[in-house]
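Read the structure below first, then the notes.
The values are calculated or read from the model by the stated rules, or taken from the named source; none is laboratory data. The model shown is predicted, which means the values in this text are computed figures rather than measured ones. For neighbour counting, all protein chains shown are included, and Cβ atoms are generated from backbone atoms with ideal geometry for every residue, glycine included.
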Amino acid sequence: MHVASPVVPALERFVVARVAAGAAHAVVLRVPGLDADPHADPHADPHADPHADPHADPHADPHADPHADPHADAHDGRAPADPRAGLPDVLDASERAQLSRLRPARDRARYLTAHTALRLVLAAALDADPRALRFGRQAHPLRRGPRGRPVLVDGADGTAAAPGRVSDRAPAGCGPVVEFSLSHGGGLVAVAVAGRGFPVGVDVEPVVGADALVVVPRLHPAERRLVEHAPESDRPAAFTRLWTRKEAHAKAVGTGLDGRLDADDLTGAPPGWTVVDRAVPGHIVALAVRSGSASSASDG
């Protein structure tokens, strides 16, 4: 199955970049309401009034009834979307529950944008209702437990399944109808899709500070040399580039980075894989996909 570059009208105004690698395409979006500055206070409310009383309750609704129960749930468990985000409400019950558990406003904004974008992109690729998509996990053959690549579960007839909860594993007899990956970091979200049989991983990260370079000695020797030989001012970006490539590849494989940071050399691409990366303002995004017999890589 060939999957075209994802174009979703509801997301177009948030798109900051597109990346392609072999059979995979990724779209990078800004999170509505968030400053993409990776050095901004990660706990700050992006909608806060800079002139507000610093001693006031930061979570108080200025229009709320002063006699109302302060512990009441304003959304009554139904409305996950911050109306300021300008995104359609397509999340399922389990996603809404997860969203309601997130307290920092930045975390809610990232989660809402990431999971809404994922559903819209997949629905466009499959010509399906984004609310009807159901997810599971494809267990790695060498690992136990709920870890593994997330997959879109289809029905027996190959169509998108009815709405359902996110499960630890895909039900028996069901498989991915399209491969996908999701990432969010700083003020950006990335969604990648590829056709069946082309595992894909995407990662987006804000460029790290110099203090993160303490991890460099744990990398593959070739990766260490690349970072250490870069001009000092360029080392944070060089490290971030390698890290996103490693994350993207590990997500495509289905293992995640499990502490063996020196196991693979991602200065290039492991055999059988295509890996590309690109800089976007203040961030690096990387895309990895299993190569076909005639793979190519490009970004734009």
Review point. Just one of the numbered conditions (1) closer than 15 Å to ILE284 by Cβ; (2) surrounded by fewer than 20 Cβ atoms within 10 Å (Cβ to Cβ); (3) of a type outside the set (Ser, Thr, Tyr); (4) over 23 Å from the mean Cα position of the chain (by Cα) is not true of PRO221; which one?
Key: (1)
Point to revise | Per-region count, region 251-269, residues at pLDDT below 95 and farther than 19 Å from VAL189 by Cβ | key: 11
Check your understanding: Limited to region 191-234, what total is found for residues that are in a loop (DSSP other than H, G, I, E, B), without any contact (Cβ under 8 Å) to a residue 40 or more places away in the chain and of a type in the set (A, V, I, L, M)?
Key -> 2
Review point. For residues in region 224-241 being under 26 Å from ALA20 (Cα atoms) and of a type outside the set (D, E, K, R), which is surrounded by the fewest Cβ atoms within 10 Å (Cβ to Cβ)?
Key: ALA237
Review point. For region 88-131, how many residues are hydroxyl-bearing (Ser, Thr, Tyr) and surrounded by fewer than 21 Cβ atoms within 10 Å (Cβ to Cβ)?
Key: 3
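Only one of ASP211, ASP168 is surrounded by fewer than 19 Cβ atoms within 10 Å (Cβ to Cβ), farther than 25 Å from LEU29 by Cβ, at pLDDT 90 or above and not hydrophobic (A, V, I, L, M, F, W, C). Can you tell me which?
On the way: ASP168 fails: at pLDDT 90 or above.
Sole residue among the options that is surrounded by fewer than 19 Cβ atoms within 10 Å (Cβ to Cβ), farther than 25 Å from LEU29 by Cβ, at pLDDT 90 or above and not hydrophobic (A, V, I, L, M, F, W, C): ASP211.
Here is a yes/no grid of residues against (1) among the small types (Gly, Ala, Ser); (2) more than 25 Å from VAL16 (Cα to Cα); (3) touching a strand residue (DSSP E or B) at 6+ places or on another chain (Cβ under 7 Å):
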| position | (1), (2), (3) |
| --- | --- |
| ARG96 | no, yes, no |
| ALA105 | yes, no, no |
| ARG108 | no, no, no |
| HIS115 | no, no, no |
| ALA123 | yes, no, no |
| PRO130 | no, no, no |
Exercise for review: Give THR274, THR267, THR244 a once-over and let me know the one that is hydroxyl-bearing (Ser, Thr, Tyr), crowded, with 21+ Cβ neighbours inside 10 Å and under 18 Å from ARG224 (Cα atoms).
Suggested key: THR244
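Looking at PHE180, is it under 25 Å from ASP107 (Cβ atoms), touching a Pro at 6+ places or on another chain (Cβ under 9 Å) and aromatic (Phe, Trp, Tyr)?
On the way: under 25 Å from ASP107 (Cβ atoms): yes; touching a Pro at 6+ places or on another chain (Cβ under 9 Å): yes; aromatic (Phe, Trp, Tyr): yes.
Considered against the rule, which asks whether it is under 25 Å from ASP107 (Cβ atoms), touching a Pro at 6+ places or on another chain (Cβ under 9 Å) and aromatic (Phe, Trp, Tyr), PHE180 comes out as yes.
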